[in-house]
Amino acid sequence: MKSKQKIKIFSKTKSIIPINRYDFNNDYYINDDDSVMDLFKIRCRDLTTTNAADVEMDMMNLTNFFRKYADDLKIISINIPTNCQKQINYLNHKIDACKNEYCKKQLIKKREEAIWVEKNRLDKEFYIMIFAANKDKYRALYESIMATLGSNE
């Protein structure tokens, strides 16, 4: 169930993107001029472990999408620090409970690796931002995206 909480929109963001409110019923943003904006997360694959046929199919789907989609969109990439805190907490718990010295050294080594990853690695996420003049246009764009790229699940 979706909450009806108020989303705070920062003034700097508001000066760049004229967001008026978020529509919880339809899951999109409504701008000051009643235009609609939405974000879709792009599900990324590990190209080294994915077979060539799947990579080729993904490339064909994206090519088909960009051929058919004539409206405005923006591709956004975000670098987010990797969060390993759950793993680190679990390893700390296991280290405290471990009685075997060899296993304890291995767990400490794994914890140090997780700490290094958290400090030195970034997760890269990609989003497609779409814009529509009104709710009806958005619905048509949404259906086009779902038909071409799928539900991303």
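The values are calculated or read from the model by the stated rules, or taken from the named source; none is laboratory data. The shown structure was predicted, so the numbers you read here are calculated from the model rather than taken from an experiment. Here the Cβ is made from the backbone with ideal geometry for all residues, glycine too, and neighbour counts use every protein chain on show.
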Residue that is nearest to VAL117 (Cα to Cα) [pool: residues in region 77-101 that are touching a Leu at 6+ places or on another chain (Cβ under 8 Å) and surrounded by 11 or more Cβ atoms within 10 Å (Cβ to Cβ)] | THR82
Please go through region 105-147 and pick out each residue that is within 30 Å of LEU73 (Cβ to Cβ), buried (at least 16 other Cβ atoms within 10 Å of the Cβ) and touching a Lys or Arg at 6+ places or on another chain (Cβ under 9 Å).
-> ILE128, ILE130, PHE131, ALA132, SER144
If you scan region 18-60, which residues turn out to be assigned to a loop (DSSP other than H, G, I, E, B), modelled with pLDDT of 85 or more and exposed (fewer than 11 other Cβ atoms within 10 Å of the Cβ)?
-> ASN25, ASP33, ASP34, THR49, ASN51
Contacts under 7 angstrom Cβ, first residue in region 63-75 being under 17 Å from ARG43 (Cβ atoms), partner outside any strand (DSSP E or B) and among the β-branched types (Val, Ile, Thr), 6 or more apart = ASN64/THR148; PHE65/THR148
Starting from region 112-138, take each residue that is over 24 Å from CYS44 (Cα atoms) and list its partners that are part of a strand (DSSP E or B) and of a type in the set (Ser, Thr, Tyr), counting only C-beta distances under 7 angstrom and pairs at least six apart or across chains.
-> TYR138/TYR28
Does LYS137 satisfy the criteria of being more than 29 Å from ASP23 (Cα to Cα) and either part of a helix (DSSP H, G or I) or in contact with a Leu (Cβ under 7 Å, 6 or more places away or on another chain) (or both)?
-> no
Kindly check whether there is at least one residue in region 67-80 that is of a type in the set (Phe, Trp, Tyr) and modelled with pLDDT of 90 or more.
-> no
